[in-house]
1. Given a Förster distance of 25 Å, report the FRET efficiency between Leu166 and Ala15 from their Cβ-Cβ distance, rounded to the nearest 0.05.
2. Can you compute 3J(HN,Hα) from phi for each residue in segment 63-72, using the Karplus curve 6.51 cos²θ - 1.76 cosθ + 1.60 with θ = phi - 60°, rounded to whole Hz and x for Gly and Pro?
3. Place a point 7 Å from Cα of Ala291 in the direction of its Cβ. Which residues in segment 331-355 have their backbone N less than 20 Å from it?
4. Taking amide H atoms as placed 1.01 Å from N in the peptide plane, list the residues 5 or more away in sequence, or in a different chain, whose amide H sits under 5 Å from that of Ser53.
5. Could you run the Karplus curve 6.51 cos²θ - 1.76 cosθ + 1.60 with θ = phi - 60° over segment 285-293 and give me ³J(HN,Hα) per residue in whole Hz, x for Gly and Pro?
6. Which value, in Å², gives the accessible area per residue of segment 1-130 when a 1.4 Å probe is used on the protein heavy atoms?
7. What does DSSP give for segment 267-347 in terms of the percent of beta bridges that are antiparallel, rounded to the nearest 5?
8. Determine the share of segment 29-146's accessible area contributed by carbon and sulfur atoms, expressed in whole percent, with a 1.4 angstrom probe.
Amino acid sequence: MLAEKLLLNVLITLAPILLYSIMIEGKHKVNSPLLCGILQSIASLACMIFSYSNYGFHWDLRYVPLILAFLYAGPVSGGMVLTTILGARLIMGGDTVVFGIINTFFTALLPFLFMKKIWTFKPGKRVLLTTLIGIWSLLLCYFSLTTFRYLEGNFFKLDFNIPDLLLVALIQTMAIALEAKLAEGIIERIRMKKEIQRSEKMNTLGELAASIAHEVRNPLTVVKGFLQLMQQEEKGKNYDYLSLVLSELGRAESIINDYLNFAKPKFEKIEEFPLKEVLTEVVMLLDPLAAKQGVEIESELDSTGFVLVTDRNQLKQALVNLIKNAIEATPEGGKVTIHNKSDHNQTSIQIVDTGKGMTSEQLSRIGTLFYTTKDKGTGLGTSISLRIIETMNGKLSYKSQPGVGTEVRMILPGSIKPALVNF
């Protein structure tokens, strides 16, 4: 009878994850914590309704939705499930109601403490941690049962041969591991969906930018050629005007080249070079700009001699864009720190500023074409840097807090050899 009840509980606890998976595929946005809280609360209540009573306790899987709600949906969802379980347990009453309430509070305590730290782990470790917290709830149940037996007049002893509890332990551990794995699958699917949408959008914009840039650059080249011929023959006051026009044409060509580089970074010269050498060059190049802005640049470079094999100029351009953004976002008297750490396989470059920072909404739009947080600018610099790093099989991530500053982390693998691209 207990096995049937517990297997029914497994199906009940699976329902919220499957329903949530279906609902998030819809076109309308949903309030994720609130939706998870409602679904998991219903699941925990249903588990308690279909529980099995023995030894004075109610055996079910109510703690599975509680743990998952706290760890994967946050305090709002977890608090809703916790309130539901406590309310239902008080209504059920019985001699062990106090033990039930204590167990629920202490079971909720551990996922509550780990709900932020869990996201610093990889998916596999998150599943393992969730399963271990589920085992914690089983240990609480075991000690509650042992204490209750002692208070009933039995000798206090640690009896591990309790078939019902062993069956609950087995099925609950399997259930919580399975459901954590399914939750990770949903998270990965959402991440992949966003990544695919972003890639499609960026590719479309890149193709459009390349097409327009090609079409515009051809007539500009012709115009520039004729103006240069006119300038050579002009010796009067129009000479200065022609110089100004040619200068602006050069600037227009530079912008067009930026669009082409965004569409598909061109790696013309692949060479082997020490990363520290490029970082030092970039810091020296941007020192005057930082001094002009009243910003201090501090570099802490790794001396391991990490070597890259890629287009030196493209990497330099990406670094210049990112560090320049950090300088321009930092008020006078602030600081921009560049440091890197390398091992045999990859290097991590961090650019940290003490600027105005960004909100989560602004962070989500970083790298989008034409988006910038500066008063002047097109947002191309960041987009180009992102494309360059991606072409190098690297990763670029941002962390920021308004009023505190921004941290840009660039991770590059060793021996980067992208294909040569020419137009």
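The values are calculated or read from the model by the stated rules, or taken from the named source; none is laboratory data. Note that the structure is predicted; figures quoted are calculated from it, not measured. All Cβ positions, glycine included, derive from the backbone under ideal geometry; neighbour counts span all protein chains shown. With ligands, DNA and RNA removed, areas are computed over all heavy atoms of the protein, side chains included. Shrake-Rupley method; radii C 1.70, N 1.55, O 1.52, S 1.80 Å.
1. Values: r = 26 Å, r/R0 = 1.03.
The calculated FRET efficiency here is 0.45.
2. 7, 5, x, 5, 5, 5, 5, 5, 6, 9
3. 331-338, by backbone N distance to the label point.
4. Excluding prolines and chain starts, which carry no amide H, the hits are Trp59.
5. 5, 9, 4, x, 4, 5, 5, 4, 7
6. Working: 6500 Å² over 130 residues.
Averaged over the residues of segment 1-130, the accessible area is 50 Å².
7. Details: 6 of 11 bridges.
Of those bridges, close to 55 percent are antiparallel.
8. Details: 4010 of 5340 Å².
The value for segment 29-146 is 75 percent carbon and sulfur by accessible area.
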